[in-house]
Amino acid sequence: DVKVTQSSRYLVKRTGEKVFLECVQDMDHENMFWYRQDPGLGLRLIYFSYDVKMKEKGDIPEGYSVSREKKERFSLILESASTNQTSMYLCASSSQGGPYNEQFFGPGTRLTVL
Amino acid sequence: SQQGEEDPQALSIQEGENATMNCSYKTSINNLQWYRQNSGRGLVHLILIRSNEREKHSGRLRVTLDTSKKSSSLLITASRAADTASYFCATDHTGGFKTIFGAGTRLFVKA
């Protein structure tokens, strides 16, 4: 079974802190994604990556950065957390052949910024 | 926005009844997927239907796609309490490079 794990289920941080969200997949997938999910807005893509050291902006990249140093790991970084970044963050991965394949999701990290 | 829109936003039914959820989108697609999300968890892929397909079945799930109306429906037959979840449609658009998720339908199945 594909497994996508995220470093924390719940996280509470203070405004201005630097926040790292880690995602690891064990299926050798080339594609990895970071989404945030807010009530009534569905999933919005923050960043995605098609390969190691490669990243592309999604719909809402402002205030976020990412890192993909190894194929299995995709990190989301909030350089200076703000209260409007309080949200559920979901990581996903999929195999090559473009993004038109089934995405496998992690359990999510619910981040609260105070 | 190319975002798919699910309808209804919320649905409450009795166990054993059928549940139908609809999804509409705005631009041409390569395929459409349905995902389920249990409360506070990640999404789980249910079924994918390609643009040249009109209907697909998987167990108690039936998905239809009408590209002329830019809409899809997900039917869950003989629903169970364990089907209580949010259901999302996700579209991969022609000329696009990412999957676009709708806001979801919250389904509640009463035992």
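Taking 0.36 nm per residue of sequence separation and subtracting the Cα-Cα distance, how much length would be gained by fully extending the chain between B:Asn30 and B:Lys110, in nm to one decimal?
Here the segment from B:Asn30 to B:Lys110 would lengthen by 25.2 nm.
Multiply the residue gap between B:Asn22 and B:Thr77 by 0.36 nm, knock off their C-alpha separation, and tell me the result in nm, one decimal place.
Using 0.36 nm per residue and subtracting the Cα-Cα distance, I get 18.3 nm.
Write down the percent of antiparallel bridges among all DSSP beta bridges whose residues are both part of chain B, to the nearest 5.
Of the beta bridges lying entirely in chain B, close to 90 percent run antiparallel.
Under 15 Å Cα to Cα from B:Lys70, which aspartates and glutamates show up? Leave out anything in the same chain fewer than 8 places away.
Filter leaves B:Glu5, B:Glu6, B:Asp7, B:Glu53, B:Glu55, B:Asp92.
Evaluate the relative contact order of chain B (contact order divided by residue number), counting alpha-carbon pairs under 8 angstrom at least 6 apart; express in whole percent.
38 percent
Classify chain A as rounded, prolate or oblate, taking a ≥ b ≥ c as the square roots of the eigenvalues of its Cα gyration tensor: rounded when a/c is under 1.5, otherwise prolate if a/b is larger than b/c and oblate if not.
Because a/c hits 1.5 or more and a/b exceeds b/c, chain A counts as prolate.
Hey, how many Å between the Cα centroid of segment A:1-58 and the Cα centroid of segment B:1-61?
With segment A:1-58 and segment B:1-61 each reduced to a Cα centre, they are spaced 23 Å.
Could you check the spin-label model distance between A:Lys57 and A:Leu114? Points 7 Å from the Cα along Cα→Cβ, value in nm.
3.3 nm
With a ≥ b ≥ c taken as the square roots of the eigenvalues of the C-alpha gyration tensor of chain B, please select rounded if a/c is under 1.5 and otherwise prolate if a/b is larger than b/c or oblate if it is not?
Prolate shape, in that a/c is at least 1.5 and a/b is the bigger ratio.
Provide the packing ranking of A:32-39, A:50-57, i.e. peptides ordered by the mean count of other C-beta atoms within 10 Å per residue, highest first.
Top of the packing list down: A:32-39, A:50-57.
So for segment B:59-111, averaging the separation of alpha carbon pairs under 8 Å that are six or more residues apart and normalising by length, what relative contact order in percent results?
Once normalised by length, the contact order is 31 percent.
Over 24 Å between Cα atoms: which of A:Lys71/B:Lys26; B:Lys26/B:Lys110; B:Lys69/B:Lys98; A:Lys53/B:Lys98 fall into that group?
A:Lys71/B:Lys26; B:Lys26/B:Lys110
For the protein assembly as shown, what class follows from the C-alpha gyration tensor (a ≥ b ≥ c being the square roots of its eigenvalues): rounded when a/c is under 1.5, otherwise prolate if a/b is larger than b/c, else oblate?
Verdict is prolate for the protein assembly as shown.
Over chain A, what is the mean sequence separation of C-alpha contacts under 8 Å (at least six apart), divided by residue count, expressed as relative contact order in percent?
After rounding, I find 36 percent.
Where a number appears in this text, it was derived from the coordinates with a stated rule and is not lab data. None of the values given here were measured: they were computed from a predicted structure. Cβ coordinates were reconstructed from backbone atoms using ideal geometry, including for glycine residues, and neighbour counts include every protein chain displayed.
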